[in-house]
Amino acid sequence: MRNVRVLLAYDGSAFFGWQRQEGFASVQQGLEEALLALTGESLRVIGAGRTDTGVHALGQVASFHTAARLPDERLLFALNAHLPRGLVARALETCPDAFHAQKSARGKRYAYLVRTETFPLPLGRGLWHWVPEALDLAAMRRAARAFVGRHDFTSLATQGSPRRSNVRCIRGLHLVARRSGFALVVEGDGFLYNMVRTLAGTLLEVGRGKRAAESVAELLAARDRRLAGPTAPPEGLYLVRVLYAEPTFRNRPAGPRGRPGLFPG
């Protein structure tokens, strides 16, 4: 048996979250069924995080043990041939036996995408959150600074899986503005259930002028979920990267050979 880790991307609108649920399509189920069809083994796949229904991923990581002897590159291509629509394995590699997709993780990076056009684009509607009101990005940036650092984030947590502590460390939080909207990019050592979406909902209230930027510190100190903003919709949220102490996926498949933009004669 060898330990294998795989880098996954998926469209969250195609699945009822990561975790296998009886009667509902999940990312975990799609991956495990693809591996069963490919290897004949009933494998248990471990994900780095349990994304909710509608939440997307560009850099989810999963690991599993298999007796399959296919080289990594062939296993990657064969796996993609069996995965359901909306799920892609971006990279795959044999890794140390002690590696565990969830327990070995040292942090995660998420992005929340917001578009602010007066009229929403008809394409990709389930891939971002549309906010037509004018937003004060400067106030949102001031409010965001109060979230950075180690805090008790009870005020941003909804009821979910049991946890020992609500203390987490946000290492960085940035609002990256674009002409059509912005991305809220946050990195931390871990996140509570719905924490990023509630953080986004709270900052959007600041942007709309419904709460003062300076109120965030008081909000965190109160440790009361009722005082925070609403949980923002899932379609704007992306798991961008899972961070590990060791280098991972250094040999991702290259793109097509040749110069970009040129076709063979």
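The values are calculated or read from the model by the stated rules, or taken from the named source; none is laboratory data. Predicted model, so just to flag it, every value in this text is computed and none were measured. With ideal geometry, Cβ positions are generated from the backbone for all residues, glycine too; neighbour counts draw on all protein chains shown.
So here's what we get for this one:
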| quantity | calculated |
| --- | --- |
| Search result, residues across segment 176-186 that are closer than 22 Å to Val242 by Cα and surrounded by fewer than 20 Cβ atoms within 10 Å (Cβ to Cβ) | Val176, Ala183, Val185 |
| Every residue from segment 192-221 that is in contact (Cβ under 8 Å) with a residue 40 or more places away in the chain, surrounded by 15 or more Cβ atoms within 10 Å (Cβ to Cβ) and among the aliphatic types (A, V, I, L, M) | Met195, Val196, Leu199, Ala200, Leu203, Leu204, Val206, Ala213, Val216, Leu219, Leu220 |
| Residues located in segment 123-141, provided they are touching a Lys or Arg at 6+ places or on another chain (Cβ under 6 Å), touching a residue at least 40 places away in the same chain (Cβ under 8 Å) and either crowded, with 18+ Cβ neighbours inside 10 Å or part of a strand (DSSP E or B) (or both) | Trp128 |
| Which listed residue, of Arg5, Arg20, Arg69, is under 22 Å from Arg250 (Cα atoms) and buried (at least 17 other Cβ atoms within 10 Å of the Cβ) | Arg5 |
| Thr202 closer than 28 Å to Phe119 by Cα and in a helix (DSSP H, G or I) | yes |
| Selection status of Arg168, without any contact (Cβ under 8 Å) to a residue 60 or more places away in the chain, within 25 Å of Gly54 (Cα to Cα), part of a strand (DSSP E or B) and assigned by TED's automatic domain parsing to the domain that holds Gly190 | yes |
| Checklist (1) part of a helix (DSSP H, G or I); (2) buried (at least 18 other Cβ atoms within 10 Å of the Cβ); (3) not assigned by TED's automatic domain parsing to the domain that holds Thr198 applied to Arg74, failing item | (2) |
| Members of segment 34-70 found to be among the small types (Gly, Ala, Ser) and assigned to a helix (DSSP H, G or I), listed by number | Ala34, Ala37 |
| In segment 223-250, the residues that are part of a helix (DSSP H, G or I) and surrounded by 14 or more Cβ atoms within 10 Å (Cβ to Cβ) | Arg225, Leu227, Pro234, Glu235, Gly236 |
| Failed item, numbered, when Thr39 is tested on (1) in contact (Cβ under 8 Å) with a residue 60 or more places away in the chain; (2) among the hydroxyl-bearing types (Ser, Thr, Tyr); (3) out of contact with any Lys or Arg (no Cβ under 6 Å at 6 or more places or on another chain) | (1) |
| Members of segment 80-92 that are out of contact with any Phe, Trp or Tyr (no Cβ under 6 Å at 6 or more places or on another chain) and crowded, with 19+ Cβ neighbours inside 10 Å | Leu83, Ala89, Leu92 |
| Check on Arg90, in contact (Cβ under 8 Å) with a residue 12 or more places away in the chain, assigned to a loop (DSSP other than H, G, I, E, B), touching a Gly at 6+ places or on another chain (Cβ under 9 Å) and under 21 Å from Ala111 (Cα atoms) | no |
| Residue under evaluation Asn80, criteria (1) in contact with a strand residue (DSSP E or B) (Cβ under 6 Å, 6 or more places away or on another chain); (2) on the phi > 0 side of the Ramachandran plot, criterion not met | (2) |
| Close pairs from segment 108-122: first of a type in the set (A, V, I, L, M, F, W, C), partner surrounded by 20 or more Cβ atoms within 10 Å (Cβ to Cβ) and not in a strand (DSSP E or B), Cβ under 8 Å, at least 6 apart | Leu113/Trp128; Leu113/Gly236; Val114/Trp128; Val114/Ala200; Val114/Leu204; Val114/Gly236 |
| Near pairs, Cβ below 7 angstrom, 6+ apart or cross-chain, from segment 3-17 (at negative phi) to any residue that is of a type in the set (Lys, Arg) | Leu7/Arg90; Leu8/Arg90; Ala9/Arg90; Ala14/Arg85 |
| In segment 40-63, residue nearest to Tyr193 (Cα to Cα) [restricted to those that are surrounded by 19 or more Cβ atoms within 10 Å (Cβ to Cβ) and β-branched (Val, Ile, Thr)] | Thr51 |
